[in-house]
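Participant: Starting off with a structure, shown below.
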Amino acid sequence: MLLAVVASGYLVRMLPFSMPLPLVQIALGALVAAVTVHGVALDPEIFFLLFLPPLLFLDGWRIPKTGLFRDKGIILALAFGLVVFTVLGAGLLVHWLIPAMPLEVAFAFAAIVSPTDPVAVSSIAARVPIPKRLMHILEGESLLNDASGLVCFRFAVAAVMTGSFSLGTASLTLVWVSLAGVAAGVAVTLGVSLAQSWLSRHFGEESGSPILINLLTPFGAYLVAEHVQASGILAAVAAGITMSYVELSGRALATTRVQRAAVWEMVQFTLNGIMFVLLGEQLPGILRRAADSVEEAGHLSPWWLLAYVLAIGAILVLLRFCWVWAAWRFSLFKARRQGGALPKPRLRIIAVMALAGVRGAVTLAGVLTLPLLLPDGAEFPARDLVIFLAASVILLSLLLASVGLPRVLEGLTLPEEPADRLEEDLARHEAALAALAAIESTHHALAAESGADADLYANAAVRVMADYRHRIDDRAVPGTVDAGHLRQADRAEVALRLAALKAERETVFKLARDTAISDEISRKLVRQIDLMEARYR
């Protein structure tokens, strides 16, 4: 599985055409199943525990909080309202399309295909980027709709098993699993961070301890939430969002942050890849069992499976399109009532939102939790067919997004949002002023301690301060210098610095190869150069 993930990273770059990384990984998984005799029996509970907490934690940690709170209305409408709309609409339509599938089972199927996967969308949008604000909305939706989709799925399955359903109980359960899950994630992250900080201050710590603790935090949040019958998924998300605020305290060392970022990048790439490879490995067996199920239902041709998949894919896209359009129109009406203004809904943007509803790991893991037998010992109705349709919806949504999104996004222009550049300029300016003040005070303190060589410290301070003064002078009076000229100058400076750093690194490597310096010295110098280069990438 890991070798397939490694191979997928190279294959997606070697292909002469654009293909989403998840599709390459699914294909490699199917190849693994075809050429080996070792199958993988997925235990859904273990699958959820191993894969989802760290990935959701990282998504919550990295999602821009400003965008999350700014667009909270539409995100909540997508994460909860759209899920319920999909469960009801798709459930009824699927039952009408496939009468052999009981209505309760159709609702369970619709619930498990309602959560979306931002990782797959990010991979598809790598070469034709989705506008930043739309991507933030999609990420926020996917972080929250897992819980609502799984709760609906749980109650639909319970209705199949018991033959009854209580709307009041379901509503109270949704409130509990959501609030308790969020509370568990926040509490675990804060508790772990405070304990780690106290231990570090009093006893010190090994360099790898903070990173290992950071990796274990999402698992702790997930398990605590599951123990109190709450949503482990929301707990992992809440733990990640809380971690982003804990990070603002600045207690972590710079080297720890650099190493931790590298570890998380590897973990994210590996776990995402393995999930899609596993999906591909499961597909051949799922397809065989689904074909048998169709024949038993009275359809002589497995081509009925393809017809079902295409019809369900169209239903899901259409329902998502209608919901987004209606939500946008409602927001427009509400803004006008309050005297505000919103841009009219553009069909191309709504089409992007509809096509970007890609299904992924939660759908696969959730559908595999379907019971094998009913309480009376009979087989769970249409279980293999439901699993096949869910896996096929994942594939179809990936294909629709990979083919449709680049075409819909081509030539799409949205108004630029200069806030990011203004915020960056402000941060650089204020940081440079603080740096100058720190250099000045430190310079005087060092000169006073040494009692001699005052010129040495003064010259060192001048050299260090020159770069910060240059940064302040370039942006001292906003608007006095052409913005395009400044950006061009920045690009030229970055290119020159990168060329210089590359030459430095090659020289250090050459000295090490010639044994003019030791390996230890070369590693230290190359690490410093790499960190400098990372500032300009």
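The values are calculated or read from the model by the stated rules, or taken from the named source; none is laboratory data. Values in this document were obtained by computation on a predicted structure and should not be read as measured data. Methodologically, a virtual Cβ is constructed for each residue, glycine included, from the backbone with ideal geometry; neighbour enumeration extends over all protein chains shown. Surface accessibility is based on the protein's heavy atoms, side chains included, excluding ligands, DNA and RNA. Shrake-Rupley method; radii C 1.70, N 1.55, O 1.52, S 1.80 Å.
Participant: If a residue has to be in contact (Cβ under 8 Å) with a residue 12 or more places away in the chain and more than 18 Å from the chain's Cα centre (by Cα) to count, how many in segment 65-84 make the cut?
Facilitator: 8
Participant: Taking segment 188-210 on its own, how many of its residues are among the small types (Gly, Ala, Ser) and more than 21 Å from Thr255 (Cβ to Cβ)?
Facilitator: Quick first cut of segment 188-210, residues among the small types (Gly, Ala, Ser) only: 191, 193, 195, 197, 200, 204, 207-209.
Then drop every residue that is not more than 21 Å from Thr255 (Cβ to Cβ), which leaves 191, 195.
Total meeting the criteria: 2.
Participant: Turning to a different aspect of this structure: Select, from Asp71, Asp59, Asp43, the only residue that is among the acidic types (Asp, Glu) and open to solvent by less than 20 Å² (accessible area, probe 1.4 Å). Quick ask: steps written out before the conclusion?
Facilitator: Values: Asp59 fails: open to solvent by less than 20 Å² (accessible area, probe 1.4 Å); Asp43 fails: open to solvent by less than 20 Å² (accessible area, probe 1.4 Å).
Of the residues listed, the single one that is among the acidic types (Asp, Glu) and open to solvent by less than 20 Å² (accessible area, probe 1.4 Å) is Asp71.
Participant: Filter segment 522-537 down to the residues that are open to solvent by 80 Å² or more (accessible area, probe 1.4 Å) and farther than 19 Å from Asp467 by Cβ and list them by number.
Facilitator: Our first condition is that a residue be open to solvent by 80 Å² or more (accessible area, probe 1.4 Å); within segment 522-537, this holds for 523-524, 527-528, 535, 537.
Arg523, Lys524, Arg527, listed by residue number.
Participant: Any residue in segment 510-537 that is without any contact (Cβ under 8 Å) to a residue 12 or more places away in the chain sitting within a Cβ distance under 6 Å of a residue that is open to solvent by less than 70 Å² (accessible area, probe 1.4 Å) and β-branched (Val, Ile, Thr)? List the pairs, counting only those 6 or more apart or interchain.
Facilitator: Here the result reads Leu511/Ile517, each pair linking segment 510-537 to a residue that is open to solvent by less than 70 Å² (accessible area, probe 1.4 Å) and β-branched (Val, Ile, Thr).
Participant: Does Val177 satisfy being under 30 Å from Phe107 (Cβ atoms) and either at pLDDT 90 or above or touching a helix residue (DSSP H, G or I) at 6+ places or on another chain (Cβ under 8 Å) (or both)? Step through it out loud before you land on a result.
Facilitator: Numbers: under 30 Å from Phe107 (Cβ atoms): yes; either at pLDDT 90 or above or touching a helix residue (DSSP H, G or I) at 6+ places or on another chain (Cβ under 8 Å) (or both): yes.
Judged against the criteria, Val177 is a match.
Participant: In this structure, does Leu174 turn out to be more than 11 Å from Ala235 (Cα to Cα), open to solvent by 10 Å² or more (accessible area, probe 1.4 Å) and either without any contact (Cβ under 8 Å) to a residue 60 or more places away in the chain or not acidic (Asp, Glu) (or both)? Please lay out each step first, then the result.
Facilitator: Numbers: more than 11 Å from Ala235 (Cα to Cα): yes; open to solvent by 10 Å² or more (accessible area, probe 1.4 Å): yes; either without any contact (Cβ under 8 Å) to a residue 60 or more places away in the chain or not acidic (Asp, Glu) (or both): yes.
In short, yes.
Participant: Of the conditions (1) surrounded by 14 or more Cβ atoms within 10 Å (Cβ to Cβ); (2) assigned to a helix (DSSP H, G or I); (3) modelled with pLDDT of 85 or more, Ala262 satisfies every one except a single condition; which number is it?
Facilitator: Checking Ala262 against (1) surrounded by 14 or more Cβ atoms within 10 Å (Cβ to Cβ); (2) assigned to a helix (DSSP H, G or I); (3) modelled with pLDDT of 85 or more, the one that fails is (1).
Participant: Can you say whether Tyr245 is more than 26 Å from Leu368 (Cβ to Cβ), modelled with pLDDT of 80 or more and aromatic (Phe, Trp, Tyr), as far as the supplied structure shows?
Facilitator: Working: more than 26 Å from Leu368 (Cβ to Cβ): yes; modelled with pLDDT of 80 or more: yes; aromatic (Phe, Trp, Tyr): yes.
So Tyr245 fits the description; yes.
Participant: Give just the number: which of (1) within 27 Å of Thr66 (Cβ to Cβ); (2) among the hydrophobic types (A, V, I, L, M, F, W, C); (3) open to solvent by 20 Å² or more (accessible area, probe 1.4 Å) does Ile233 not satisfy?
Facilitator: Failing condition for Ile233: (3).
Participant: If you don't mind, another one. Considering each of Gly204, Gly185, Gly208, Gly220 in turn, give the residue that is open to solvent by less than 60 Å² (accessible area, probe 1.4 Å) and under 19 Å from Phe80 (Cβ atoms). Please lay out each step first, then the result.
Facilitator: Working: Gly204 fails: under 19 Å from Phe80 (Cβ atoms); Gly208 fails: under 19 Å from Phe80 (Cβ atoms); Gly220 fails: under 19 Å from Phe80 (Cβ atoms).
Of the residues listed, the single one that is open to solvent by less than 60 Å² (accessible area, probe 1.4 Å) and under 19 Å from Phe80 (Cβ atoms) is Gly185.
Participant: Could you list, in sequence order, the residues of segment 366-386 that are closer than 18 Å to Ala100 by Cβ and either surrounded by fewer than 23 Cβ atoms within 10 Å (Cβ to Cβ) or aromatic (Phe, Trp, Tyr) (or both)?
Facilitator: Selection gives Leu370, Leu374, Ala378, Glu379, Phe380, Pro381, Arg383, Asp384.
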